[in-house]
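Okay, so here's the structure we're looking at.
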Amino acid sequence: MSEFVDRLMARANEDGLLDVAYATVDTPLGKAAVAATPRGLVRVALPNQSLDEMLTRLAAEVSPRILEYPARLDEARRELEEYFDGQRDHFELPLDWRLSHPGFYRRVLRATARVPFGEVITYREAAQQAGNPRAFRAAGTAVGSNPIPIVVPCHRVVRSDGEIGNYGGGPEMKRFLLHLEGAV
Amino acid sequence: MAHALPPFQAFLDEHLEPVGAFLRGMVGPNDAEDCLQETFLAALRAYPRAEKRNLRAWIFTIARRKAIDHHRSGARRARPVAEPEELVDSRTGRQGSGSLDGALGMSPRHSEIWAAVAELPTGQRAAVVLRFAVDLRYREVGEALGTSEEAARQSVHEALKKLRESAAELKEMAR
């Protein structure tokens, strides 16, 4: 049946019916999942996050036309593998931002996306770069709701008191990523 | 969220095998795969507007239309005969509990009877295939065909009457 399914997927993709494609990717901390629309990478689910929950949310918030079609995610998977191997310090992937709230939240995430490999900023600085320095709590919420972690490196946003702060993938993953980048 | 559609991948995983069995019964093993492609491609196209409350009835309705289109197009190269081993449920590895041979009181080697299924009118054939190859209950057969449980039962009843006549002929010939 798998040949049948491959043919179905390829035709669905050609006909522009594949609104969301997803695939899994191995990381040193377990299996992550990545999802892309025709515009670009739309969601990364970290190893501690549920694949089913990711798919259910994508079905509700983007489109229920979701299929496991790794071909669309070849580049994303390759870049993530290189990153975890220490061979890559930035991503060159088109992003689809539609799962982040437009406005302040998205500006915070765009600021987050500009923080270079190996560096960190505080929540307050993220708020400032998004145009509202006093909204550091809202900046924390924005960073915490990041739909595309790792590629949009929300792990590089930390507390001003030196603590690393919360992370959707769990604090040990945040510590692991910052360590991988030589930032702690 | 309670009435949200499941991701299409989950829908596909759930329905691919039973719809495949249905189409093998409807158009035969040679053409079933093409019909199955057309069915799920059409389903994917229409999926955001799918009947959420009964996705199984919805996909079987599409499959039945594709099977009818297939016959109309005259693409029928071989007789639409499904070999019984192809009608075994691949998930459970068992033949539909209400196997057609059982219903007709025939041993499996008499499953040439599927050739006679191909001669049935489309509605009756669909009902027989859904009941015995896909192993749906009458209520579910009715839902898949857009008719009542009673009408589904009646279709199968009439079909079995015809098939019994064919079976009797087969037995006669085997003697």
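The values are calculated or read from the model by the stated rules, or taken from the named source; none is laboratory data. What you are looking at is a predicted structure, and each value in this text was computed from that prediction instead of being measured. Cβ: placed from backbone, ideal geometry, glycine included. Neighbour counts: every protein chain shown.
Annotations
- Scanning segment A:29-62 for residues that are out of contact with any Phe, Trp or Tyr (no Cβ under 9 Å at 6 or more places or on another chain), without any contact (Cβ under 8 Å) to a residue 40 or more places away in the chain and within 16 Å of A:Glu75 (Cβ to Cβ) returns a single hit, A:Pro38.
- The criterion of being surrounded by 22 or more Cβ atoms within 10 Å (Cβ to Cβ) and within 11 Å of chain A (Cβ to nearest Cβ) does not hold for B:Leu5.
- Number of the condition not met by B:Asp13 [criteria: (1) within 19 Å of A:Arg57 (Cβ to Cβ); (2) more than 8 Å from chain A (Cβ to nearest Cβ); (3) more than 18 Å from the chain's Cα centre (by Cα)]: (3)
Each row is one residue, and each column tells you yes or no for (1) buried (at least 22 other Cβ atoms within 10 Å of the Cβ); (2) of a type in the set (S, T, N, Q); (3) under 15 Å from the mean Cα position of the chain (by Cα).
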| residue | (1), (2), (3) |
| --- | --- |
| A:Leu18 | yes, no, no |
| A:Tyr22 | yes, no, yes |
| A:Val25 | no, no, yes |
| A:Gly30 | no, no, no |
| A:Ala33 | no, no, yes |
| A:Gly40 | no, no, yes |
| A:Arg43 | yes, no, yes |
| A:Leu55 | yes, no, yes |
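- Per-region count, segment A:124-166, residues surrounded by 23 or more Cβ atoms within 10 Å (Cβ to Cβ) and part of a helix (DSSP H, G or I): 8
- Residue in segment B:37-55 that is touching a residue at least 60 places away in the same chain (Cβ under 8 Å), away from every other protein chain (no Cβ under 13 Å) and closer than 26 Å to A:Ala60 by Cα present: yes
- Taken over segment A:57-74, the criterion of being surrounded by 20 or more Cβ atoms within 10 Å (Cβ to Cβ), within 18 Å of A:Leu99 (Cβ to Cβ), of a type outside the set (Lys, Arg) and in contact with a Pro (Cβ under 9 Å, 6 or more places away or on another chain) is satisfied by A:Leu58, A:Ala59, A:Pro64, A:Ile66.
- Which numbered condition A:Leu95 misses (of (1) at pLDDT 95 or above; (2) within 28 Å of A:Thr37 (Cβ to Cβ); (3) surrounded by fewer than 19 Cβ atoms within 10 Å (Cβ to Cβ)): (3)
- Of note, A:Arg88 does not satisfy the criterion of being within 14 Å of another protein chain (Cβ to nearest Cβ) and either surrounded by 14 or more Cβ atoms within 10 Å (Cβ to Cβ) or within 18 Å of A:Val143 (Cβ to Cβ) (or both).
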